[in-house]
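J.: If you scroll down you'll find the structure; I have some questions about it.
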Amino acid sequence: MVSGTMSGVQIPTTIPNQIGGRTAPASDGRTFLKRDPATGAALCQVARSSAADVRLAVELAKKAQPDWAAATVVKRGDILRQIALLMRERRELIADLVARETGKSRKDALGETDAAIEMGFFVAGEGRRFYGQTTTSAVPNKSAMVIRQPLGVAGLIIAANTPIANVAWKAFPALLCGNAAILKASEDTPLSAWIFGEIAREAGVPEGVYSTIHGFGEEAGAPLVEHPDVAVVSFTGSCSVGRWIAATVGQRLGKVCLELGGKNPLIVCDDADLQNAVTWTLGSAFSNAGQRCASGSRIIVFDAVYDRFTQMLVEATTKLAVGTSDADAYGPVINEEQMTAMLASVQQAKDAGAVILTGGHRLTGGAYGDGYFVAPTILAHVGPNDEISRTELFGPITCLYRVKNFEEAITLANDAPFGLTASIHTQNLHRAMTFVGRIQSGVAVVNGGTYGSEPHMPFGGLKDSGNGWREAGTQALDVYSDLKTVYINHNPLSV
Ligand code: NAD
């Protein structure tokens with residue numbers, strides 16, 4: 001069990017909610033067990049919240065929000081900067097918690113923690129900009145401008161894959177814009193959400209302005225989505241839940257930001273630097289155990305280099321070490337249910353004629369124990385309309401496709417329900433730029449991976465990957481604020 005003191009901070013054996021500046025168990029006292037994905041052993045108990053807890057958090061958020069909104073945005077930015085500074089002071093502890101709850105290596109957990117901190121600094125700096133617009137008027141002595149205004153209470157619901165970064169991407173911009181925010185943590189990653197809540201309180205976020213609720217999607221997430229006083233729901237997760245959220249919040253004309261799945265293509269052209277393409281394919285397909293919305297799950301390779309590239313890729317893949325140490329390429333997947341589902345999909349593809357070039361099974365024995373480790377898996381002889389080509393597996397599993405030329409590659413790349421990220425490997429500038437122009441995705445990369453976003457750059461996707469909003473970058477402020485058009489008339493004769 002994770003408990004006791006870590007880096008001078010007492011970790012509770014039961015992770016509580018943080019509502020209205022106080023920690024509290026779920027109102028009906030229920031808890032659930034969170035397991036360590038690397039061992040399958042019990043890690044901690046967690047508050048199992050329900051609608052009553054959500055109602056209390058919304059009520060307190062509504063009360064606290066006007067004063068928070070009345071503070072200057074520079075002041076709010078200062079408090080967010082203080083969160084980022086405290087996070088930086090405790091980066092080792094935060095990374096430890098992320099590593100424990102996800103099973104990823106400390107190195108990867110530290111990288112993710114640093115990215116979350118950087119997001120805090122970036123958003124805090126926006127407090128000194130927070131640009132609106134000033135423009136002209138057709139009428140003399142009339143000024144016209146556009147300013148931002150908060151929405152009210154924001155409901156933030158996140159996935160478990162990069163937990164502290166997922167909190168940061170939503171909490172910082174939601175708060176900067178003057179909203180009160182309630183985060184429904186992923187049931188798989190309660191620890192990072194809890195420590196963020198503690199730090200936010202310590203940094204001076206007023207009571208009620210930021211709350212964290214733990215629990216399952218239908219029990220604790222749905223009441224937040226359904227609450228009439230939640231003005232904006234920002235959701236990162238699966239497409240099916242996203243559709244339900246859009247319909248539910250849309251019914252009351254609320255705002256919804258959806259960051260959903262991907263089935264991201266990486267194209268390897270006949271003129272690619274194959275070694276570089278292999279390196280980025282490994283990272284795209286397998287880093288973070290493939291638990292990335294931006295993971296490269298469709299590797300589209302020109303016929304002319306298909307055999308050589310495949311041989312190089314399979315060879316490099318079989319050398320990947322899987323485990324929880326810093327030397328390992330990736331760790332376990334987040335829970336047993338997801339592991340079982342992804343392995344069943346691989347089996348189904350095999351039954352339908354796919355060839356497993358490597359992997360396709362759980363890693364067991366020795367240090368793997370009862371952990372949820374999946375071997376890096378590559379499939380070939382997969383059709384573009386096969387189930388495995390069209391559904392996201394969210395695991396260390398990728399498929400190879402053979403194409404004749406650029407035209408076939410781009411057509412296949414675009415033939416997917418999702419449109420999140422995409423990458424091409426080529427030395428040809430004209431090909432690269434044509435790819436950038438024609439690929440149907442929110443992110444396009446040349447000679448790199450399908451993942452790797454930066455805090456000042458917008459991230460999001462087309463088609464089933466989202467509903468048009470972007471996270472990160474200054475564009476994130478558009479999710480959490482509305483506009484106010486202001487006209488000011490003055491009379492120079494009254495001076
Ligand atoms: P999920 O949809 O099952 O769960 C995500 C979150 O939603 C969890 O906190 C869960 O408790 C909550 N939830 C579930 N049902 C709910 C409901 N009815 N009402 C309210 N909340 C509910 O997704 P997952 O399997 O945990 O996460 C993986 C998915 O997240 C993948 O599809 C992945 O691509 C996506 N993702 C997208 C991005 C992005 O930025 N586009 C980033 C990371 C992950």
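The values are calculated or read from the model by the stated rules, or taken from the named source; none is laboratory data. Everything numeric in this text was worked out from a predicted model, so none of it was measured. So basically every Cβ, Gly included, is an ideal-geometry build from the backbone, and we count neighbours across all protein chains shown. Calculation scope for accessible area: heavy atoms of the full protein, side chains included, ligands and nucleic acids excluded. Shrake-Rupley method; radii C 1.70, N 1.55, O 1.52, S 1.80 Å.
J.: Checking ARG243 against (1) near the ligand (Cβ under 9 Å from one of its atoms); (2) in a helix (DSSP H, G or I); (3) not aliphatic (A, V, I, L, M), which test does it fail?
T.: Only one criterion in (1) near the ligand (Cβ under 9 Å from one of its atoms); (2) in a helix (DSSP H, G or I); (3) not aliphatic (A, V, I, L, M) is unmet by ARG243, namely (1).
J.: Is it true that some residue in region 249-261 is among the basic types (Lys, Arg) and closer than 25 Å to THR391 by Cβ?
T.: No, region 249-261 has no match at all.
For (1) touching a Ser or Thr at 6+ places or on another chain (Cβ under 9 Å); (2) over 30 Å from ALA42 (Cα atoms), each residue gets a yes or a no:
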| residue | (1), (2) |
| --- | --- |
| PRO332 | yes, no |
| ALA341 | no, no |
| LYS350 | no, yes |
| THR364 | no, no |
| ASN405 | no, yes |
| SER423 | yes, yes |
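J.: Confirm whether LEU357 is open to solvent by less than 60 Å² (accessible area, probe 1.4 Å) and either touching a residue at least 24 places away in the same chain (Cβ under 8 Å) or in the same structural domain as GLU187 (by TED's automatic domain parsing) (or both).
T.: Answer is no for this residue.
J.: Only strands (runs of 3 or more DSSP E) wholly contained in region 106-198 count here; list those with 2 or more residues that are at pLDDT 95 or above and more than 20 Å from THR485 (Cα to Cα).
T.: 153-157, 180-184
J.: Conditions: (1) near the ligand (Cβ under 10 Å from one of its atoms); (2) crowded, with 24+ Cβ neighbours inside 10 Å; (3) part of a helix (DSSP H, G or I). VAL225 meets all but one. Number of the miss?
T.: It is condition (2) that VAL225 fails.
J.: Could you please find all residues in region 360-395 being hydrophobic (A, V, I, L, M, F, W, C) and either in the same structural domain as LEU43 (by TED's automatic domain parsing) or farther than 15 Å from ILE299 by Cα (or both)?
T.: LEU363, ALA367, PHE373, VAL374, ALA375, PHE394
J.: Scan region 36-52 for residues that are touching a helix residue (DSSP H, G or I) at 6+ places or on another chain (Cβ under 8 Å) and either more than 20 Å from GLY197 (Cα to Cα) or open to solvent by 10 Å² or more (accessible area, probe 1.4 Å) (or both) and jot them down.
T.: ASP36, PRO37, GLY40, ARG48, SER50, ALA51, listed by residue number.
J.: Please indicate, with yes or no, whether at least one residue in region 144-158 is of a type in the set (Gly, Ala, Ser), open to solvent by 10 Å² or more (accessible area, probe 1.4 Å) and within 10 Å of the ligand (Cβ to nearest atom).
T.: no
J.: Could I ask something else about it? What pairs come out if I take residues in region 148-175 that are of a type in the set (Phe, Trp, Tyr) and pair them with residues that are more than 10 Å from the ligand (Cβ to nearest atom) and assigned to a helix (DSSP H, G or I) whose C-beta lies under 6 Å away, six or more apart or interchain?
T.: Sorted first by the residue in region 148-175, then by its partner, the pairs are PHE172/LEU80; PHE172/MET119; PHE172/GLY120; PHE172/VAL123.
J.: Residues that are away from the ligand (no atom under 16 Å from the Cβ) and among the basic types (Lys, Arg): list the helices (runs of 4 or more DSSP H) wholly contained in region 288-404 that include at least 1 such residues.
T.: It comes to 303-318, 336-351.
J.: Run VAL256 past the list (1) surrounded by fewer than 24 Cβ atoms within 10 Å (Cβ to Cβ); (2) touching a Gly at 6+ places or on another chain (Cβ under 6 Å); (3) of a type in the set (A, V, I, L, M) and report the number of the one that doesn't hold.
T.: (2)
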